[in-house]
1. Tell me, what HN-Hα J-couplings in whole Hz come from the Karplus equation 6.51 cos²θ - 1.76 cosθ + 1.60 at θ = phi - 60° for each residue of the range 45-62, using x for Gly and Pro?
2. Hey, what do the phi angles of the range 147-158 turn into as Karplus ³J(HN,Hα) couplings, whole Hz, using 6.51/-1.76/1.60 and θ = phi - 60°, x for Gly and Pro?
3. Lys and Arg at +1, Asp and Glu at -1: add these up for the other residues within a Cβ distance under 14 Å of Trp89 and post the number.
4. Quick one: which residues, 5+ away or cross-chain, put their amide H under 5 Å from the amide H of Val79? H built at 1.01 Å from N.
5. Could you sort the peptides 87-96, 134-143, 49-58 by per-residue average Cβ neighbour count (10 Å cutoff), highest mean leading?
6. Taking amide H positions as placed in the peptide plane 1.01 Å from N, state which residues far from Arg140 in sequence (5 or more) or on other chains have amide H under 5 Å from it.
7. Does the range 36-162 come out rounded, prolate or oblate by the C-alpha gyration tensor, with a ≥ b ≥ c the root eigenvalues, rounded set by a/c under 1.5 and, if not, prolate when a/b is larger than b/c and oblate if not?
8. Multiply the residue separation of Gln76 and Val54 by 0.36 nm, subtract the distance between their alpha-carbon atoms, and state the gained length in nm to one decimal.
Amino acid sequence: MYACRELSEENLNVEWVFIELTGMGLLGGSRSERTQVPDWIGRVPFSPEQKRTVVVTKSMEVSTLYGYVGHQVESQIFVSTDKITLSDWTLPPGSYYAPPGLHLHGDELYYIVKGNPTAFNPETGETLQLREGDTLLIPRGTRHQIFNFTEQTIHALSVAAPILWADDGMGTEIPDIKEPKFYRPK
């Protein structure tokens, strides 16, 4: 079981929500098959062989959701090439995304445009409080999850380089967390 904190809609008191992740290869158990990565990975606004200088317009963006239903983050992909990905994401008040992110093939940055998110590493238990204008550096191989314990929507820009996922077309197999840490209020 993996535990995480969620804000109550009624009075913003802390409640515990337990999510069973074991069967998905994220926290124990094994993952028997990987799913194919989306077609847009490495191909926004066009494929690598067509790469050139271009102004990326709103009509070229790809809208996507990351995470399990009920714990998703909405994202707009502006650029995804064979060397870099630029996107933004929003996270509503009192929510978080799950499962935690993990990129085995590149570093990621979150620049906080709006809001005050809490970053959490379920492998180490480390938490970091971010403010508008802060940048979070997430080194390759670092598990990360964002919680929004505020009443304001969080908006962030994300840059990942050189690549988010394996380039074999099958995604990144996520190794299990041997001893997950739990986010607990102080």
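1. With the stated coefficients, the range 45-62 comes to x, 7, 5, x, 6, 9, 4, 7, 5, 7, 8, 8, 9, 4, 5, 8, 5, 10 Hz.
2. Taking θ as phi minus 60°, the curve returns 10, 10, 8, 10, 9, 10, 5, 8, 10, 9, 9, 10 Hz for the range 147-158.
3. Every neighbour counted, the sum reads -3.
4. Under 5 Å from the amide H of Val79: Leu86.
5. Details: 87-96: 18.5, 134-143: 14.9, 49-58: 8.3.
Highest to lowest by the protection proxy: 87-96, 134-143, 49-58.
6. Asp107, Glu108
7. prolate
8. Extra length available between Gln76 and Val54 comes to 6.2 nm.
Since every read-out is calculated from the coordinates, none of them should be taken as a lab result. Since we're looking at a predicted model, the values are computed, not measured. Positions of Cβ are backbone-derived with ideal geometry, glycine not excepted, and every protein chain shown enters the neighbour counts.
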